[in-house]
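Heads up: the structure comes next, in structure tokens.
The values are calculated or read from the model by the stated rules, or taken from the named source; none is laboratory data. Fair warning: this is a prediction, and the values are worked out from it, not measured in the lab. Here the Cβ positions follow ideal geometry from the backbone for every residue, glycine too, while neighbour counts run over all protein chains shown. In case anyone asks, the SASA skips ligands and DNA or RNA and just uses the protein heavy atoms, side chains included. Shrake-Rupley method; radii C 1.70, N 1.55, O 1.52, S 1.80 Å.
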Amino acid sequence: ADTIRVGLPTKTYWPTTIAETAVRQKLFEKEGIKAELTIYRSGAETFEGMAAGAADIILDPPSLVSAGRKKGVMSRIVANAAMGNFGWQLMVPTKSTLDVKDLNGKKVAITAAGSGSDLLALWTIQDKKIDFTRVSVGGGGLVPNLLAGNVEAAVVYSPLSFQISKSGEAKTILDYATAVPPNLTAGWIVLDKFAEAKPQLVQKAVNALYGAVAFMRANRDVTVKLIAELYEMPPEIAALEYDNTIMKLETSGDMGAANVSAAVQLSLDLAKLGGLKDIVPVEDVISTKFKPVPTK
Amino acid sequence: MSARISAKTLRHLIVIGLIALWELLPRAGLIPELFLPSLSSTLIAGWTDAGEYGHALAVTLYEVVVSMAFACGGGILLGAIVGSLPRPRVLIMPMVSSLYAVPLVILYPVFTVWLGIGSESKIAFASIYGFLPTMLATAAGIQTIDPQLLLAARSMGATLSQRLVRVIIPAAIPTVLSGLRVGGALVIVGVVVSEMLISSAGIGYLISRYRTILDSPHVFAGVLLVLFLAIGFNAVIRWIERKAAIWQTGTRAGQANDDIASGAMQPAT
Amino acid sequence: MQSTLAINLARIAIIVAILALWEVLSRTGIVNPRLLPSASDTFVTLGDLLQRAAVQKDLMVTATEVLAAFALAVPFGAVIGFLVAENRYFADVAKPLLFFAFSIPKSIFLPMFILVFGVGFAQKVGFGFFSTIFIVIMSTTTAVESVKVEHLTVARSYGATPMQTAFRVYLPSMLPVLLEALRISMIFNLTGVILAEMYASRDGIGHQIATWGENFQMKQLLAGVVMVAAIAMTFNELVRWVETRCSHWRT
Amino acid sequence: MTPLKPAARAGAIEVKNVGQVFKTRSQDVVALEDVSLEVKPGRFVVLVGPSGCGKSTLLMMMAGLRQQTAGTITISGAPILEPDPDRVGVVFQEASLFPWLTAEDNVEFPLALRGVPKAERRAKAQDALKLVGLEGFGKRHPHELSGGMKQRVSIARGLVQDPPVLLMDEPFAALDEQTRMTMGDELLRIWAATGKTVVFVTHSLTEAVYLADEVIVMSARPGRIVDHLQVQLPRPRTYEMLSGDAFGSLRDRIWRHIRKSA
Amino acid sequence: MTPLKPAARAGAIEVKNVGQVFKTRSQDVVALEDVSLEVKPGRFVVLVGPSGCGKSTLLMMMAGLRQQTAGTITISGAPILEPDPDRVGVVFQEASLFPWLTAEDNVEFPLALRGVPKAERRAKAQDALKLVGLEGFGKRHPHELSGGMKQRVSIARGLVQDPPVLLMDEPFAALDEQTRMTMGDELLRIWAATGKTVVFVTHSLTEAVYLADEVIVMSARPGRIVDHLQVQLPRPRTYEMLSGDAFGSLRDRIWRHIRKSA
Ligand SMILES: Nc1ncnc2c1ncn2[C@@H]1O[C@H](COP(=O)(O)OP(=O)(O)OP(=O)(O)O)[C@@H](O)[C@H]1O
Ligand SMILES: Nc1ncnc2c1ncn2[C@@H]1O[C@H](COP(=O)(O)OP(=O)(O)OP(=O)(O)O)[C@@H](O)[C@H]1O
Ligand SMILES: [Mg+2]
Ligand SMILES: [Mg+2]
């Protein structure tokens, strides 16, 4: 059977849950293919992995596809994975009395300049008409620096955000899942060459992935247990992740849907804020060739 | 001798060759631009944002210079002290090299908790990063010193610090200098890497920022600046080496000069 | 013999003191225990982790990669370093270039390794090799330069072949510097492999450590760091054992 | 015996029941056993004995560079526990020059340690180098000098320190006879002018008798003192004395000891 | 002169118009100028001259360890361009033992290089060490030996190689007179038994005349040969000869040269 190599941006990010579910529920097998999962350090690394030929299908935001095209890496989003920043939150230490507008002139931690958290911070600056310094501290530095008071606030991803809010260490002052208008935050991406050469394989892969999404929605307990195991986290946090993230994911993935174009455009506009200059038209970023048929 | 091209020429040829490859490989499409943008597009990227890079360079340079002072100065001094006192050596050295075995890069995000996220934490990280190899190399170099020389100095009443400055360090000069090279290079790497991990300024910050948005020409413009830092540092070391050349007369490096000059002694191998 | 006992006791005392300090800082809350879990907690976590089959497998994978990279980088680097030091011409050509290569943060080239090797064993080993080779070369050069001319002259007068000179004169007199270099190289090697694993992988301990770090799982992170440090320290001790066996002639 | 005031004893050496045992991997080596001797200030004492009998070891202990494993050594009335250049200077058996310093910097080294100003240092070093016949070689590095020249630089370095007690370990071993004689006479001149106490190790019995007030003869393994002779020949010594009877009989007496123990 | 067959000339040394100029930082040093000499196979030649006259330099060139800047040197009929242990062996002025090897391993070193089996090596090394009076010291490291002992290990290392030409640079300088004599006699015995050509540098004129078939006297800076004497004293030499007239007049003749040039 053909093997599809799936590139995932971080271990504790919902794409990993999807792919793992697909593997464990033997959805790839049911499609008659095999899958090999590789976990990268972040979105950019995953994209580089695909460009280097080490991954066939990856999950990343549209901005990288656009930037990639300018750099000669021709790829497109073939399936819509999420239309919002679920689980992403602007957080301050519990004791802090600061609100969003008080952050003017303060320091806010992001993972890396140009990353998803940076885009959200920039969006906050623009939307709330305030100005603060964005400090990139890496994934591992977000919470330590927030707790140590090196920064006043931090843009935190899930399930870390749920975890520290549950433990009472930090509280949310802005939930990006609801605050940011719907945009295509991430989709499944393949190289144009690959889509042309092995359309069947791509189709089967998205089928399996969306089969996994369907399975997860239908099987709460199994999925919560899986998240707890994968992320090494207590079940209650896994449950939060399930309710606030997994349940919000796109179920159809159809790139031909009416709202997709605008959502991609918005996503690219957000990226422009982050200093991305290499913007290409939306139709070059997406492909409507594959409409996932969730594997049962 | 004369039949061969001079070492310098050959080196320059190699450099030119590398530069040409850097330009041609991406242009010919042999390496995707994402991984290696052509030299010209790198230069253009750097030039168009020269102001930004200049500012970043200033930040990084400051951090490098301060860390260098700690890492190299401290490393040589402590290495010399520890290397020349047998008791502390057997006691401390194993622990120091074990300490170095802790993968600091992984812990760096946690360090910033105590050291802050400004230049201090970068300086601290780079200092430690460069300090230990310098110290270990110096201490090891000290052990190759002829004990007779230390005996002579002691008989003339040299105090510990005098022995250190006047005997141990000059006698270990070749080792110390290479320790310095390694340490200095690591300081540069340390500063840049820590900037890449956590910061809001400096060349490392620019590199990682542009990397996240796949802007490879800007990334490599940053790398080029790091290279310039290394070239600058190398020039300083060369200068010290020239100054110290007479000190090296007792060593192979020093004597090779004389022997080649007198047309004698072919290389031992 | 008595003094070695005393030294070992002193060393143990220092280690115990450090662990005690760690424990106290965390327990008394002088340092936020969320940021620095106590030593005992860390070691309990370490015990748990070591029992997991997945972690054991990751450790094996990483150890294999590290050893493979090391076994390639050291002899290769040593030979180049030797040539560079021995041959003035070669030295003049190569030294500055090597130095520049050494001063660039290697992680920038990680994608290139994926480009060439894909993601997997070869890429990890390749990057580990790449992270180590330069320090091996530079250290070997240093070591060679510390050899005394008189000793070389004696060997020459007895018609020693280059190989004999290398093994019978260079090697023993360079030993202290060389072993130190070996230690440092090992650390670079380990860090290199772990960085490669953090960057992209399917297994390996670096991959785990990255995840723990990103998720603020401090106990696991520290336990992972202790694990890696332990590997490096074991190697250090091994080198020191060789050192004490070979350097007894020094006073 | 009522102890003299320290000042009056500047330059006196007293070695009492001194022993030295080296611990090696295989076994313990008794290098010296129960060595006692007394040297009055201002005397020229020559130490002779077969190779490996412990002469250098004894000198190292007198210089405070090695601690005896038994007994006591006092110099100028006070025990010597560590090197003290104000009391004792040493010229080593192996030249032990600093390879990175020029000949003249090597000679200046002990002065530099004490912070003597540059000009004064340089002048003294020039004088000392001239004394050992190396005028004009000041700018050379040790590896550019011959074996004998290195040894002479080392002697110059010992002389320039000007301590009340000077210990010299086979300083003339690498010199030709002519240079050796000239330097011997120079040494005697300096000694007479400064009133130093000199302990001098040599293998040349002729040289021993020519230079010495007293000759101490040691036996081999474990090193012991087997004879302590007074050389009553008048000073200044001349080369004619070398063929005299007094000289010959002294030389013979030492020779018989050495022969027995080597 | 018709050239002999190489075999017949094994051990012959021919030095023709040899010069050596050292380039130093400050100026060029002419160490040797136009030195020519010829040594027939199996002769015992002693080289004397004031300190720094170029004796060691000449030996290094004969050993192929340093290239002359002018002239040619042939050993056993072929020019010597690099060290060739099958033709020439050297005992260095400074012991230069390998500090990481024991005395016995140091002596075995040249044999080990040639792949001589361990047992044979060890036996030869033991013999050589015995010859130099160091039986039982084989397991010591150089830093555990006295100056004279190190030098003797170095001599043993030179002897064990057994080349047709043996160059010895002041090998006995650090030895006491008794050991020196014993070793001199040993050397003569070995020389007589093996028919080696020996070039021996010493500063002791007595030793020179006692050992030599021929004495070559050099003058100082730039080094030149000023005299080449044949010592016609019968062999085996005895210590009684030392007081004879023939001996005295030879010694005096050399002495006058040295005196003039030092
Ligand atoms: N560090 C050491 N370890 C073990 N034995 C030693 C050490 N130093 C010296 N010895 C031994 O002590 C004895 C005396 O050595 P010392 O150097 O004092 O002799 P010496 O009289 O100066 O001889 P020489 O005339 O040959 O220089 C020798 O047998 C030597 O082997
Ligand atoms: N590498 C060098 N560079 C410059 N000058 C040198 C070098 N080696 C030797 N010389 C000079 O050459 C001359 C001859 O030296 P050499 O060592 O041959 O003397 P020697 O006859 O062996 O003296 P000694 O009896 O003191 O050992 C000396 O004046 C010395 O200073
Ligand atoms: Mg001695
Ligand atoms: Mg000489």
Residue with peak Gaussian network fluctuation, chain D [Cα springs, cutoff 10 Å], from D:G223, D:G133, D:G248
D:G248
Relative contact order in percent for chain D (Cα pairs under 8 Å, 6+ apart) equals 25
Provide the per-residue ³J(HN,Hα) series for region D:76-93, in order, calculated from phi with Karplus coefficients 6.51, -1.76, 1.60 and θ = phi - 60°, each as a whole number of Hz, with x at glycine and proline positions.
6, x, 10, x, 10, 10, 8, x, 9, x, 6, 9, 9, x, 10, 10, 7, 5
Using Cα-Cα distances under 8 Å and only pairs 6 or more residues apart, what relative contact order does region D:40-177 have, in percent?
30
Could you give the angle, 0 to 90 degrees to the nearest 10, between helix A:260-273's Cα long axis and the longest principal axis of the Cα atoms of chain A?
40
Shortest first and in nm to one decimal, what separations exist between D:P236 and its copies in the other chains, measuring from label points 7 Å along the Cα-to-beta-carbon line?
4.5
Please report the residue of chain E with the smallest beta-carbon distance to the E-to-D rotation axis, and give that distance in Å, no decimals.
E:A173, 2
For a test of the definition: using alpha carbon positions, the gyration tensor, and the 1.5 limit on a/c, classify region A:17-134 as rounded, prolate or oblate.
prolate
What pairs in A:K11/C:K219; A:K193/A:K291; A:K193/A:K225; D:K40/E:K260; A:K204/A:K277; D:K16/E:K139 have C-alpha atoms more than 27 Å from each other?
A:K193/A:K225; D:K40/E:K260; A:K204/A:K277; D:K16/E:K139
Label zone at E:E120 (point 7 Å along Cα-to-Cβ), backbone N below 19 Å, region E:135-166:
E:157-164
Could you please state, rounded to a whole Å, how far the C-alpha centre of region C:173-251 is from the C-alpha centre of region D:30-76?
51
The farthest towards the positive end of the charge dipole of the protein assembly as shown, of the residues C:A166, A:P9, C:A223, given +1 on Cβ of Lys and Arg and -1 on Cβ of Asp and Glu, is C:A166
Listed residues E:G115, E:G184, E:G77; largest mean-square fluctuation, Gaussian network over chain E with Cα springs below 10 Å, found at E:G115
Please report, in debye to the nearest 20, how large the charge dipole of region E:117-250 is about its Cα centre when each Lys and Arg carries +1 at its beta carbon and each Asp and Glu carries -1 there.
700
Around C:A160, what is the net charge, scoring Lys/Arg as +1 and Asp/Glu as -1 over all other residues with Cβ under 11 Å from its Cβ?
+3
For the protein assembly as shown, dividing by residue count, accessible area per residue (probe 1.4 Å) in Å² works out to 38
Residue-wise, which Karplus ³J(HN,Hα) couplings in Hz belong to region D:194-205, taking 6.51 cos²θ - 1.76 cosθ + 1.60, θ = phi - 60°, and x for glycine or proline?
9, x, 5, 8, 10, 10, 10, 9, 8, 9, 8, 5
Cα-based helix-to-principal-axis angle, A:199-218 vs chain A, degrees rounded to 10
50
Can you pull the one-decimal nm distance between simple spin-label points at E:T238 and A:K248, each 7 Å off the Cα toward Cβ?
11.7
How much accessible area is lost when chains B and C come together, counting both sides, with a 1.4 Å probe, in Å² rounded to the nearest 100?
6300
Rotationally averaged projected area of chain E (alpha carbon convex hull; nm²):
15.1
Quick one: Cα centre-to-centre distance for region B:93-140 and region D:192-255, in angstrom?
63
Per residue of the protein assembly as shown, what 222 nm ellipticity follows from adding -39500 (n - 2.57) for every DSSP H run with n ≥ 4, rounded to the nearest 500?
-17000 deg cm²/dmol
Springs between alpha-carbon pairs under 10 angstrom, Gaussian network model over chain C: which of C:L175, C:L35, C:L190 fluctuates most?
C:L35
Work from the charge dipole of region C:1-115 (Cβ charges, +1 for Lys and Arg, -1 for Asp and Glu, about the Cα centre) and give the residue of C:L21, C:G47, C:I7 farthest towards its positive end.
C:L21
Go through region A:46-62 residue by residue and turn each phi into a ³J(HN,Hα) via Karplus (6.51, -1.76, 1.60, θ = phi - 60°); whole Hz please, and just put x for glycine and proline.
4, 4, 4, x, 5, 4, 7, x, 9, 9, 9, 9, 9, 10, 7, x, x
If packing is taken as the average count of other Cβ atoms within 10 Å, what order do A:62-69, A:121-128 fall into, highest mean first?
A:62-69, A:121-128
Sorted by chain and number, the residues with a modelled amide H under 5 Å from that of E:F200, at a separation of 5 or more or across chains, are E:V45, E:V46, E:L47, E:M168
Any idea what the dipole of the protein assembly as shown comes to, in debye rounded to 20, about its Cα centre with Lys/Arg Cβ at +1 and Asp/Glu Cβ at -1?
1160
Buried accessible area, chains C and E (both chains, 1.4 Å probe, Å² to nearest 100)
1900
Lys and Arg at +1, Asp and Glu at -1: neighbours of C:P96 with Cβ under 9 Å from its Cβ sum to +2
Check A:K34: other-chain or 5+ apart residues with amide H under 5 Å from its amide H, H built from backbone geometry?
A:D2, A:T3, A:I4
With the charge dipole of the protein assembly as shown built from beta-carbon charges (+1 for Lys and Arg, -1 for Asp and Glu) about the Cα centre, the Cα from B:G116, D:I190, C:F129 projecting farthest to the positive end belongs to D:I190
Spin-label pair A:A257/A:V222, simplified geometry with 7 Å Cα→Cβ offset, distance in nm
2.3
Per residue Cα convex hull volume for region D:64-176, in cubic angstrom?
113
Could you please report the charge total around B:T60, scoring K, R as +1 and D, E as -1 over all other residues with beta-carbon less than 10 angstrom from its beta-carbon?
-1
Total Å² of accessible surface buried at the C-A contact, 1.4 Å probe, nearest 100?
2200
For region C:9-40 versus region E:116-161, the gap between their alpha-carbon centres in whole angstrom:
56
Percent carbon-and-sulfur accessible area, chain A, ignoring ligands, DNA and RNA, probe 1.4 Å
51
Please tell me the relative contact order of region C:122-251 in percent, rounded to the nearest whole number, where contacts are Cα pairs under 8 Å and at least six residues apart.
29
Quick one: dipole size for chain E, taken about the Cα centre, charges +1 on Lys/Arg Cβ and -1 on Asp/Glu Cβ, in debye to the nearest 20.
280
